[in-house]
């Protein structure tokens, strides 16, 4: 999965997404043929396919995703192994509930790729991109109650600024929030194009070297994370997933934002300090120059993994 967009990113690949750090992920997850494995961010099924290809008739793969559209795509992509793969429309914060529904109490490994899929950026139905004007939505699960438009048009100025700063470290958060509130008094902000132009005008041209990312990038990132409650769900996953691993079981997490990676790093270090888990990555693994050249959206990916030692 991926996290952001920029002018140099190429068009969507044939499957709608290239799995990030695929070789490194499989090496660290180390899926055995007869184990029980969970891809709790299945997306378009790239990582899941690599896991499924390693299973025998007794192995099992549980595929979760909060986006029912991508989950259906993955279901068709992985249809050659219907007896070994089960699909669940669920957020990974609901992992324990999913395992109960699957009749399992513990698993051999869990994978979580915290980015969004490339196809979600290109599809106007998600309302995630400022590269073209589309409805300002950002809900990966259409069943969620609040869209980005709801937040932008109804949050208090102070609360909106806090969202931008806390989730995406946007240092112009106060200025952007003020600009948004002034604009919405005149008319609601309902498209990604409207919002992007407001953010750009609030920040203005800062001179110096050309900017590497669009000024609207951090605002869009923060709103997406707020709409989909990404940090709250990640905290829940990091709390429950390690307890659901069998001895020797592994948890692999790919993050794309500094706030996410910091949370994963702290959680894994805390687990290791207790003596029941072992860090498999002292430092996060990152994409090679070759992978970044082939898939620019992978550039900010960081992979961390941990193994359970005892029951």
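The values are calculated or read from the model by the stated rules, or taken from the named source; none is laboratory data. On a predicted model such as this, the values are computed, not experimentally measured, just so you know. Here the Cβ is made from the backbone with ideal geometry for all residues, glycine too, and neighbour counts use every protein chain on show.
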Inset, instruction - Evaluate the range 144-166: report whether one residue or more is surrounded by fewer than 22 Cβ atoms within 10 Å (Cβ to Cβ), in contact with a strand residue (DSSP E or B) (Cβ under 8 Å, 6 or more places away or on another chain) and not assigned by TED's automatic domain parsing to the domain that holds residue 51. - result: no
Inset, instruction - Might you let me know whether the range 189-204 holds any residue that is within 18 Å of the chain's Cα centre (by Cα), within 25 Å of residue 258 (Cα to Cα) and not assigned by TED's automatic domain parsing to the domain that holds residue 262? - result: no
Inset, instruction - For residue 82, state whether it is farther than 28 Å from residue 277 by Cα and outside the structural domain of residue 302 (by TED's automatic domain parsing). - result: no
Inset, instruction - Return yes or no: is residue 171 in a loop (DSSP other than H, G, I, E, B), without any contact (Cβ under 8 Å) to a residue 24 or more places away in the chain and surrounded by fewer than 19 Cβ atoms within 10 Å (Cβ to Cβ)? - result: yes
Inset, instruction - Could you please let me know if residue 31 is closer than 30 Å to residue 143 by Cα and either at pLDDT below 95 or part of a loop (DSSP other than H, G, I, E, B) (or both)? - result: no
Legend entry - Residue match in the range 177-192 (condition: assigned to a helix (DSSP H, G or I), touching a residue at least 40 places away in the same chain (Cβ under 8 Å) and in contact with a helix residue (DSSP H, G or I) (Cβ under 8 Å, 6 or more places away or on another chain)): yes
Legend entry - Among the candidates 262, 224, residue that is more than 27 Å from residue 35 (Cα to Cα) and in contact with a helix residue (DSSP H, G or I) (Cβ under 8 Å, 6 or more places away or on another chain): 224
Inset, instruction - Would you mention how many residues in the range 151-164 are in contact (Cβ under 8 Å) with a residue 24 or more places away in the chain and either more than 19 Å from the chain's Cα centre (by Cα) or in a loop (DSSP other than H, G, I, E, B) (or both)? - result: 4
Inset, instruction - Would you check which residues across the range 64-110 are in a strand (DSSP E or B) and under 23 Å from residue 229 (Cα atoms) and list them? - result: 64, 65, 87, 88, 89, 110
Inset, instruction - State which residue pairs qualify: first residue in contact (Cβ under 8 Å) with a residue 60 or more places away in the chain and inside the range 72-94, second residue surrounded by fewer than 15 Cβ atoms within 10 Å (Cβ to Cβ) and in a helix (DSSP H, G or I) in any location, beta carbons under 8 Å apart, and separation of 6 or more residues or different chains. - result: 93/232
Inset, instruction - Having 3 or more residues that are in contact with a strand residue (DSSP E or B) (Cβ under 6 Å, 6 or more places away or on another chain) and either in contact (Cβ under 8 Å) with a residue 40 or more places away in the chain or crowded, with 22+ Cβ neighbours inside 10 Å (or both) is the bar; report the helices (runs of 4 or more DSSP H) wholly within the range 195-311 that clear it. - result: 258-273
Legend entry - Among residues of the range 82-95, those that are farther than 17 Å from residue 69 by Cα and surrounded by 15 or more Cβ atoms within 10 Å (Cβ to Cβ), counted: 5
